[in-house]
Structure formats: structure tokens, C-alpha cells
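**Student:** Submitted below is the structure of interest, expressed as C-alpha cells.
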């Protein structure tokens, strides 16, 4: 059987026939970055799926290699039918015709079932390109054991309070190194540890990083400077530095951080029995009009799939609530401690835990603004991260650094908009 | 009877198509895996291509951008030279020193194996291991220094120290390989020459300078040039250990082009960057080879 398939593949390639056509009778492929173990509830749904003779199978692609695997898969004519796309990749995928525009019924389902900020995350040029799956938002996470020890019973309500509490929590060793940090930024290879909190603070200042049509960057304005200076003064105050990593929060040596909900399971593992008592999630203390950032993954269909209609049916099936509970996707995300912005799923899953509730509230109240779906988002955010790091390290002033960054980003935008 | 003389013919004519048949696998391999990708890369450097779509011809614009407008590219070129020169300047003499030391040591085979071990280890594992050792706050070295009241350097968060760190780890990783080459060269020196030098009254230093080093010069040339080429194009250790940071201080050109290609999806510009790096390495290796050959005459 395997030999027959290999032979068919070889003949197909030789004759220039798309492989998708050969695999017309095979199962639909759903490619996601979750491990088989993480995706177990979804796998059960895929195993049980059978609609008009069409079945489905799961393909795991690691998150770091996802986009490259998609690229090489398409070059070789072996792309999956259904993707789980990180929203910042979407603009490029849409621009290059990789994604199929969903049928009206799917777009309607998304607009009616998901919160507005999340719908924005999957919308490009006014078109919804898929069904949102995992959503992440940023909030202030505090280690109340450290805060209480420093004499504070509640997380900060204002930015000045945050600085004051963090200063009190911070402790250094005899060599002057930070042993307990009042605050920490995350050290992530993509630069998200600096860029995502910056977006949250920028949104809270009432600004957006780009003009509506993405032809201009707004990174040289007073709001961006204020947001970056807020971050820089935390380092200037001596309450954190670049050797402190927010991903070490579960170890207990960090007072506060602006972090996404997906770290919950690690924090829970680190804090053990004291998790409920010692870890508190609260709004980012950036004023009454505080906002935060959200980003989303979404299920989209490959435009090369020869069974697009069947693929969209499967996407709908996986994301529609079931009679006895949440959707297959909702069940899987709930098991991972991840968020969904699917209001029907959230209703079916009942009350969230104390850690998750503030994140969900931010999504539902419209506080969580989506990460911009701009072309070359990863490249631009890498440049932003390097600039922010320079400012935080004291190598550059926020104003001039942002002015220079704005010019570099506009050079990229000029290529596409 | 006239003695028969063997018929002399040109070599290739004897075999006809046979040599080509035997060479065919090698030639096909070289064409498919060397010439074709190189040609494709050269062609790509004149295009703008995001692999999701079709390439578009832009002529020399990618080269123009990198050479005249991209400050980051030049910064990475400088970082590449610092990394490669640091690696060669410290790594090659150290490997030679180790080879000398172990050539007269007891159990030299075991010592050589121990120093070669890093070469058998996955480079990502090595990067994580050294991150654990060099971490500014919790690393083994700084914790040990802290225990005796000293503040250790910011190995991975200070731009200068981060470059020093990656160079030192690279030397540690590669020293065993170069040491083996030097060891083989040293073992090949005829003992009688040393005996003759001793009889002529040459001391240890004189013997090293006038006998050993000139004899092992081919190995020295080989190690220097290959180490330089390795240093100029190596980036996996840096990618895993510092990610090019802090603040781009360890971002070398090979890493920059890798990111350009696979993270920013700018295949054309990345190919142009890789070709510029290739040209720099080729030119400098040629100069280096000639200089070392001149000196050996």
C-alpha cells in the first residue's frame, strides 16, 4: 500500500499533478503546533469524524518551524488542508493567496460567536480569514507572597504604585545583583517579552502603532514615548534589569510581570499548593482607560486544498459547541488552561478559575486590542524589540530611538502599502 | 624478430564512456547538491522573493540595499570578523599548545579523546550547557565568584562580554578537532631530526621555532584557514546561546541572513547577503593562503 502511494506520488510529481489531487480520497489534514498529548481531545474528535465519506487526521508541526514547514510544504505541493495560523503571519499568507476566503456561514459564525477584538485578530482588509482558536491576552501577574512580605496586601492600582511596590520588593545580594526582582520582562527570542507589554501600554495611552491603512507608523508620537519610558523607568529605578527573566516567575523570585495567560500551568506547577493564595492577576495599572494586547491563532483553509468546502465543514464542526458541552477545540483549550474567545464555549465551560477570570473579562469587556495584522510583522517586531532593549539598557533615549525606529518601520511599510 | 613495444594512447580514449559512467554519481551529486543550489541562490539574489509567492526580478537592488543602506548588515559583518579573528587568534595557538602538551604526556590518547568530546555533542546542548554556566545571576561561575565575595562579569547581558563568551565557547568546542590535526602532524615529525638538533646544541625553544613549526607548517596553514572559514560562517552556537543578543552584539552575518530568509521571508535579500559573505570569505581565504604559502618558502 505504501509503495503504491509512493509510486502515485512520484508519478504525480513527474507529471506536474498537484499532490492534493492524488490525495483526494485521503483524510483531510489538520496541521497544528500542539503535541499529540496536548491535542488529545481534538484527536478524539478527528478520529470520530466522518462526513460524506470524508475523514480527518492530525499533523503536528512545531511552533518554531510552523511557517517554514508551511512554505516548504506548499513548494512541494504537500500542504495540509487546514492550518492553525498565528495571526501575525496571516497578512503575508493572505497577500500571497495561501488562505481560502471562508464561506459566508463561517464568517457569520465568527462575527456572532467571538468577541470583537478577537474578530479583528482574524480580519485582514475587512475579510474574516478563519475561525479563532487559542487567544492570549496580557495582564499584570503578581506574586502576593512577596508583595505581602513587603507590606502590600493588594496588587498595584496605578503605575506609580507599581513602581513603589516593586522598589520595596527588590532585593540585591552583596555583589549588587538582583536576587528578588520587583518586576521582570520576559526574555523571548521573538522579542515579544518587550514588544507585547509595549503594545499594552501604548493602547492604554489611547494610541495605535500604525495608521488604519498601515501606510504609516505611529511610533514617534508622544504616546509611544510615554509607553516606552514607563518600561525604561522600571530598569532605571533598579527594580529589574535585563538579566532578570519573567519566565523565572514560577520559581518565586519575581514580584510582578505583564504576562500572557498561557504561562498559567507553569506558574501553577512552580507555586504548587500556594498558587491560589499567592498568585493574583489584575489589570495593567495604566489608568482608568487601560487596555491590553491580545493575539490569536485561527483555523484557516489552504487555497490549494482540493476539498475546500469539506475542509470548512470540518473547521465548523471542530469549533461549534456540542450538545453535551463545549466544542472539540474549546475542550482541548480548556484542558491546556488556554483561552478561547468563543462565547458559546465559555458559557458551556462555566466559571473560569481565579487566574483566568480577569483575562476573560478583559476579552469580553473589549479591553484587549488585537495585535496588528501588518505585513512583515515578525520582522518589524524584531526591530522594535532591539530598539526597546537598547533604551531599557540605557544605551539610547526613548525619543530619538523611537524616531529612528519609526523611519525604519515605515521603510518596510512602504514596500507593501 | 622486432620486440613488441606497448601501444601508447591517451588515457581518456582508452576508457571511452566508462570513466564518465563511474564518475556519473559524483557528478550528478555535485550538480544537484552544489551547483544547482548555488546557481539558484545567485539567481535569487537578483530577485525579491517571499516563498509564499512568486519571485520578481529586482536586479542589483538587494545588493545596493545591503551595501549602502542597511547599517545592521555592516554591524553584523564587523561582528563576524571579531568572532572569526577571536576564534582563530586564540583557538589555533591553544590547539597547538594542547597538541604539544599531549604529544609527550602519558595516556595521550585519552587526553585527546577528552578534548575531542565537545565535537561529538549536539551544538544546541552545548549552548544550553554554557548558558547554565555563564548565566549572569544564577550561572555556576558567577555563583562561585559570589561565594568568595566577587561580582562576576555580565557574561551574557553585556555586549562585549557576550561576544567574549561566544568566542570562548566556540574555542572550547573546536579546540579538540584542531588539536588532533596538530597532533597528527607532530607525530609525523621524524625523531631523528630532533636528535640531530639536540646534537647541534639546539634548546627546546630553538627546536620548536626552527624544526617543529616549519615542518608542521602545512597543518598550521590548513587549520588556520579552515578555522577562519568556520568562524566566518558559523552561527548555530550563537543562535542557541545568545540569539544574536544582547542588542545585536553577537549577531553575525550568517545568523542575520538566516533570519532574513526564514523569519522575515526575504529570500532574495538573504541570498544577496550570503553571497557577499561568501565573496568576503573567499577573498580573505585566498589572501591568507597566499600569505602563509609565501612565508613557508
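Coordinate-derived values only; no laboratory data. Predicted model, so just to flag it, every value in this text is computed and none were measured. Glycine gets a Cβ as well: all are built from the backbone with ideal geometry, and neighbour counts include every protein chain shown.
**Student:** Along the three principal axes, how long is chain A when you take its alpha carbons, biggest first, rounded to the nearest angstrom?
**Tutor:** 70, 49, 40
**Student:** Viscosity 1.306 mPa s, temperature 10 °C: Stokes-Einstein D of the protein assembly as shown from its Kirkwood Cα radius, in µm² per second?
**Tutor:** Estimated via Stokes-Einstein, D reaches 54 µm²/s.
**Student:** Once the Cα atoms of helix A:377-392 and of chain A are each reduced to a long axis, what angle between those two axes, in degrees from 0 to 90 to the nearest 10, is obtained?
**Tutor:** Approximately 10 degrees, to the nearest ten.
**Student:** In deg cm²/dmol, rounded to 500, what helix-only [θ] at 222 nm does chain A give when every DSSP H run of at least 4 residues adds -39500 (n - 2.57) and the total is split over its residues?
**Tutor:** That comes out to -13500 deg cm²/dmol.
**Student:** At 7 Å along Cα-to-Cβ for each site, give me the label-to-label distance between residue A:353 and residue A:226 in nm.
**Tutor:** 3.6 nm
**Student:** Another question, then. Hey, fewest Cβ within 10 Å first, where do B:65, A:63 land in order?
**Tutor:** A:63, B:65
**Student:** Work out the mean other chain Cβ neighbour count within 10 Å for the residues of B:46-58 and drop it here as an integer.
**Tutor:** 3
**Student:** Figure the gain on full extension for residue B:61 and residue B:187 (residue separation times 0.36 nm, minus the Cα-Cα span) and round it to one decimal in nm.
**Tutor:** Contour length minus the Cα-Cα distance gives 40.1 nm.
**Student:** Averaged across A:168-176, how many Cβ atoms of other chains sit within 10 Å of each residue's Cβ atom?
**Tutor:** Taking the mean over all residues of the peptide, I get 2.
**Student:** Measure nothing but the geometry: give the 0 to 90° angle between the long axis through the Cα atoms of A:222-236 and the longest principal axis through the Cα atoms of chain A, rounded to 10°.
**Tutor:** 60 degrees
**Student:** Can you grab the distance from the C-alpha centre of the stretch B:57-88 to the C-alpha centre of the stretch A:119-159, Å, no decimals?
**Tutor:** 39 Å
**Student:** Per the Kirkwood treatment, what hydrodynamic radius in Å, one decimal, follows for the stretch B:203-256 from the mean inverse distance over all distinct Cα pairs?
**Tutor:** Taking every pair of different Cα atoms in the stretch B:203-256, averaging 1/r and inverting gives 13.5 Å.
**Student:** If I take R0 = 45 Å and measure r between the Cβ atoms of residue B:285 and residue A:60 in this structure, what FRET efficiency does the formula 1/(1 + (r/R0)^6) give, to the nearest 0.05?
**Tutor:** E between residue B:285 and residue A:60, to the nearest 0.05, is 0.60.
**Student:** Using only Cα atoms and rounding to the nearest 10 degrees, what angle (0 to 90) does helix A:398-416 make with the longest principal axis of chain A?
**Tutor:** 10 degrees
**Student:** Simple spin-label model, 7 Å along Cα-to-Cβ: residue A:288 to residue A:247 in nm?
**Tutor:** 4.0 nm
**Student:** Here's another thing I want to ask about it. How high is the FRET efficiency from residue A:51 to residue A:336, r the C-beta distance, R0 30 Å, rounded to 0.05?
**Tutor:** 0.70
**Student:** Further question: How much length is gained on full extension from residue A:323 to residue A:269, taking 0.36 nm per residue of separation minus their Cα-Cα distance?
**Tutor:** Going from the current span to full extension adds 16.1 nm.
**Student:** Describe numerically, in nm with one decimal, the distance between label points set 7 Å from Cα along Cα→Cβ at residue B:116 and at residue A:365.
**Tutor:** Each label point lies 7 Å from its Cα, and together they span 6.6 nm.
**Student:** Continuing with this model, one more query. Of the DSSP beta bridges with both residues in chain A, give the percent that are antiparallel, rounding to the nearest 5.
**Tutor:** 70 percent
**Student:** Which residue fluctuates most in the GNM of chain B (Cα springs below 10 Å): B:162, B:196, B:279?
**Tutor:** Result: B:196 has the largest fluctuation of those listed.
**Student:** How much space per residue, in cubic angstrom, does the convex hull of the C-alpha atoms of the stretch B:101-236 take up?
**Tutor:** Hull volume over Cα atoms, normalised by residue count, gives 159 Å³.
**Student:** For the pair residue B:148 and residue B:38, what calculated FRET efficiency results from E = 1/(1 + (r/R0)^6), where r is the Cβ-Cβ distance and R0 = 51 Å, to the nearest 0.05?
**Tutor:** 0.40
**Student:** Within a 10 angstrom radius of the beta carbon, how do B:134, A:109, A:339 rank from fewest other beta carbons to most?
**Tutor:** Starting with the residue having the fewest Cβ neighbours, the order is A:109, B:134, A:339.
**Student:** Continuing with the same structure: Please report the orientation-averaged projected area of the stretch B:59-296, defined via the convex hull of its C-alpha atoms, in nm².
**Tutor:** 16.4 nm²
**Student:** Sort A:235, B:92 so that the residue with the fewest other Cβ atoms within 10 Å of its own Cβ comes first and the one with the most comes last.
**Tutor:** Result, fewest neighbours first: A:235, B:92.
**Student:** Report the extension gain between residue B:195 and residue B:89 in nm, rounded to one decimal, defined as 0.36 nm multiplied by the number of residues separating them, less their alpha carbon distance.
**Tutor:** Fully extending the segment from residue B:195 to residue B:89 adds 35.0 nm.
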